[in-house]
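Participant: First the structure, then my questions, so here it is.
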Amino acid sequence: MQANGAEMLRLACCLATERGVEVCAPVHDAVLICAPLDRLDADIAGMRAAMAEASRIVLKGFAARSAVAPSGPIPGIVISLRLRSLFAAAASSSRLI
């Protein structure tokens, strides 16, 4: 199961990049993308389409669902819900030197 998930994520990142979505990093079971605010909705849709296509390829026709969490420490960044708590913890424990 984990191998299929990893392959879907790898393939989704490749597909999205080929379609012009700026993939910053895969993060566990999520993808961090970067886009100007005027193109954000289109890039989110492109990333979700790439994820659905990747799952259909790996799972022989089954399209896995994906969720979006368009919020984070920087306005306009889309992050997974799991990362939101990680960013919050890091922000609260960091200090400027």
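Participant: Per 0.36 nm of contour for each residue apart, how much would the distance between His28 and Gln2 grow if the chain were fully extended, relative to their Cα-Cα spacing?
Facilitator: 8.3 nm
Participant: Further question on the same structure: Thinking of the stretch 2-67 as a set of Cα atoms, what percent of all their pairs are more than 16 Å apart?
Facilitator: Here the tail beyond 16 Å accounts for 38 percent of pairs.
Participant: Now, a different point. Determine, for Arg65, Arg10, the number of other Cβ atoms within 10 Å of each Cβ, and report the residues in order from fewest to most. Show your work: numbers first, answer last.
Facilitator: Values: Arg65 8, Arg10 13.
The fewest-first ordering by Cβ neighbours comes to Arg65, Arg10.
Participant: Where does each of Ile33, Ile44 land when they are ranked from fewest to most other beta-carbon atoms within 10 angstrom? Intermediate values should be presented prior to the final figure.
Facilitator: Working: Ile33 21, Ile44 17.
Ordered from fewest to most neighbouring Cβ atoms within 10 Å, Ile33, Ile44 come out as Ile44, Ile33.
Any read-out appearing in this document is the output of simple, stated calculations on the displayed coordinates, not a laboratory observation. Computed from a predicted model, the values in this text were never measured in an experiment. Positions of Cβ are backbone-derived with ideal geometry, glycine not excepted, and every protein chain shown enters the neighbour counts.
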